[in-house]
Amino acid sequence: MKISALTGVMDWRILINFKAELSMLRDYLPAPFVPRTHLGFGMAGICLLNQKNQRIKGLPSLVGLNSYQTLYWIAVTW
């Protein structure tokens, strides 16, 4: 089965990185993951993005879909 290429536009993206208390991060991580540290703090972040006109390449943008996504991350070691 051949998968067609997709196309679209990333309208905007906001990336926020921050330091967090290690005790707080440990509550969210399953074993065997451990928060990665820098200067005694853990590292985490949130990424908000808006994608417009996602569609199979070759189709008009009128058929495209729009989506808002939120992604969370925590730097870990395994």
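The values are calculated or read from the model by the stated rules, or taken from the named source; none is laboratory data. This structure is a prediction, so every number in the text was calculated from the model and none was measured. In this analysis, Cβ positions are derived from the backbone assuming ideal geometry, glycine residues included, and neighbour counts consider all displayed protein chains.
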**Report entry** Qualifying position, being out of contact with any Phe, Trp or Tyr (no Cβ under 9 Å at 6 or more places or on another chain) and among the β-branched types (Val, Ile, Thr), among Thr77, Thr70
**Finding:** Thr70
Query raised in the report: Does region 50-66 contain any residue that is on the phi > 0 side of the Ramachandran plot and touching a helix residue (DSSP H, G or I) at 6+ places or on another chain (Cβ under 7 Å)?
Result: yes
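Among the residues of region 39-71, count how many are of a type in the set (Val, Ile, Thr) and either more than 19 Å from the chain's Cα centre (by Cα) or modelled with pLDDT under 90 (or both). Walk me through how you get there before you give the answer.
To start, the set of residues in region 39-71 that are of a type in the set (Val, Ile, Thr) comprises 46, 56, 63, 70.
Subsequent filtering for residues that are either more than 19 Å from the chain's Cα centre (by Cα) or modelled with pLDDT under 90 (or both) retains 56, 63.
Qualifying residue count, region 39-71: 2.
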